[in-house]
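S.K.: First the structure, then my questions, so here it is.
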Amino acid sequence: MHSKILPELHLLAKEVQLEDYRRMSKDDLVVAILERSAESEGLRLVKGYLEISSDGYGFLQESLLQNNTRSVIVSAGLIKQFRLRTGDLILGKARRPRENERYGTLIRVEAVNNVDPFQSSKRPRFEELTPTFPEARIKLETVGNELSTRVIDLLAPIGRGQRGLIVAPPKAGKTTLLKKIANAVVANEPDIKVIVLLVDERPEEVTDFRESVHGVEVIASTFDEPPSNHIRVAEFVHERARRIVEDSGHVMILLDSITRLARANNLVTPPTGRTLSGGLDSNALHWPKRFLGAARNIRGGGSLSILATALVETGSRMDDVIFEEFKGTGNMELHLSRHLEERRIFPAIDILKSGTRREDLLLSEDVLAKMWLLRKVISDMDPAEAMEMLLGRLGRSKSNAEFLATLTQG
């Protein structure tokens, strides 16, 4: 149905006696025709995200934002026929639940990720795509007085496909920084789908995030949920992002935090008898590393960017071990400093410890030379003094371009 051109859809709309069809967009028209067609067959049109069970069949989840929104079963036969995968967005016709049945049953698949299901079945698998270094920069700078994102653009630029760690002690402003990054990406990069994943978080923080950031999906498993739910939600987000990239789309996941995700996985992982320092099982970090490792730029295709916070200086030996295991796995690190936070300097970014690998692929030679000059100037300074100096200079300029142009003037 999605492959048909608009005149063909108008003819179908006329056949099913659809009113005002000429005023509808193509996507809305397709849905309206399918709804009318399903009603005539005694079925109902359903749309949801596929979650495949270990037994081979699956469920459609109506929303990524809410858990337990299952309403329709998908048979193993349909999954095999169309090579469906967890995280696929399915549009189809379903039979209503019969007596003593809890769920309806999907009868026909009309679209997978908004394309024809037969066309979708030919897409490559995520593992078959070729990863490369990030080459297209994600600009975070928005308005002149928003200094946090301007500082990140200067010190640790982010590209499409970046795998970044935001290393943060408690109360250093990591949540505020994530909100500003999310808002900046939505404003500057409209083709990137932004998903915020909050694991083991306080419910009020989830509400605040959803009200502070618009145009993104905020998906959460709060601290009152069992660890198994933290992992299930994270797996679902992980798979959904991979499906978008397989269709040459661009996704950014902002994860808070990889530390809590690793803690949760440690609780649900069957013990191997090999325990690391801090009580961490040796196998507990395998899946969190797989999650973070999915971030990549695809040659000739889409990209999956992941920025994950890592907690340090919490007083927990386990948290320290988790950070040590993840240190070096990313290609960008942003370190927040407790010392700067105590002096009320925000953003509390440690300039000397933060940076991006292969930033030369993201920046022009002229900009790169000026950024290296900036680092050379501040390399011998105290971190707090360096950040205060940088914020002062940025505050007197309207943009990073203007700041860099005046850098050689002293």
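The values are calculated or read from the model by the stated rules, or taken from the named source; none is laboratory data. Not measured: the values here are computed from a predicted model. Neighbour counts run over all protein chains shown; Cβ positions are idealised from the backbone, glycine included.
S.K.: Please note which helices (runs of 4 or more DSSP H) are completely contained in the stretch 311-404 and include at least 3 residues that are over 30 Å from Leu292 (Cα atoms) and at pLDDT below 90.
M.R.: 365-378, 383-395
S.K.: I would also like to ask the following. Could you check how many residues of the stretch 62-112 are modelled with pLDDT of 90 or more, more than 21 Å from Val245 (Cβ to Cβ) and hydroxyl-bearing (Ser, Thr, Tyr)?
M.R.: Summing the residues that are modelled with pLDDT of 90 or more, more than 21 Å from Val245 (Cβ to Cβ) and hydroxyl-bearing (Ser, Thr, Tyr) in the stretch 62-112 gives 1.
S.K.: For a quick check of your reading of the model, give me the residue pairs whose first member lies in the stretch 139-167 and is without any contact (Cβ under 8 Å) to a residue 40 or more places away in the chain, whose second is part of a loop (DSSP other than H, G, I, E, B), with beta-carbon atoms closer than 7 Å and at least 6 apart or on different chains.
M.R.: Thr149/Leu140; Thr149/Glu141; Thr149/Thr142
S.K.: Of all residues in the stretch 111-159, which are farther than 30 Å from Arg393 by Cα, of a type in the set (A, V, I, L, M) and over 19 Å from the mean Cα position of the chain (by Cα)?
M.R.: Within the stretch 111-159, Ala111, Val112, Val115 qualify.
S.K.: Within the set of pairs 6+ apart or on separate chains, which have a first residue in the stretch 285-296 that is at negative phi, a second that is of a type in the set (S, T, N, Q) and part of a helix (DSSP H, G or I), and C-beta atoms under 6 Å apart?
M.R.: Correct list of pairs: Trp287/Asn265; Pro288/Asn265.
S.K.: Also: Return the residues of the stretch 237-260 that are more than 20 Å from Thr130 (Cβ to Cβ), assigned to a helix (DSSP H, G or I), in contact with a Leu (Cβ under 7 Å, 6 or more places away or on another chain) and not polar (S, T, N, Q); say none if nothing qualifies.
M.R.: Once the filter is applied, which keeps residues that are more than 20 Å from Thr130 (Cβ to Cβ), assigned to a helix (DSSP H, G or I), in contact with a Leu (Cβ under 7 Å, 6 or more places away or on another chain) and not polar (S, T, N, Q), the stretch 237-260 yields Val237, Arg240, Ile258.
S.K.: Could you tell me which of the residues Arg102, Arg70, Arg98 is basic (Lys, Arg) and in contact with an Asp or Glu (Cβ under 9 Å, 6 or more places away or on another chain)?
M.R.: Only one candidate qualifies: Arg70.
S.K.: Let me spell it out: the conditions are (1) in contact with a Leu (Cβ under 7 Å, 6 or more places away or on another chain); (2) under 21 Å from Glu141 (Cα atoms); (3) surrounded by 16 or more Cβ atoms within 10 Å (Cβ to Cβ), and Ala384 meets all of them except one. Which number is the exception?
M.R.: (2)
S.K.: Just to check your reading of the model, which residue among Ala308, Ala384 is farther than 29 Å from Asp200 by Cβ and out of contact with any Gly (no Cβ under 6 Å at 6 or more places or on another chain)? Even if it seems obvious, please write down each step before you answer.
M.R.: Details: Ala308 fails: farther than 29 Å from Asp200 by Cβ.
None of the other options fit; the residue is Ala384.
S.K.: Quick one: what pairs do we get from the stretch 168-186, first residue of a type in the set (Ser, Thr, Tyr), second surrounded by fewer than 21 Cβ atoms within 10 Å (Cβ to Cβ) and in a helix (DSSP H, G or I), C-beta under 7 Å, 6+ apart or different chains?
M.R.: Thr175/Glu205
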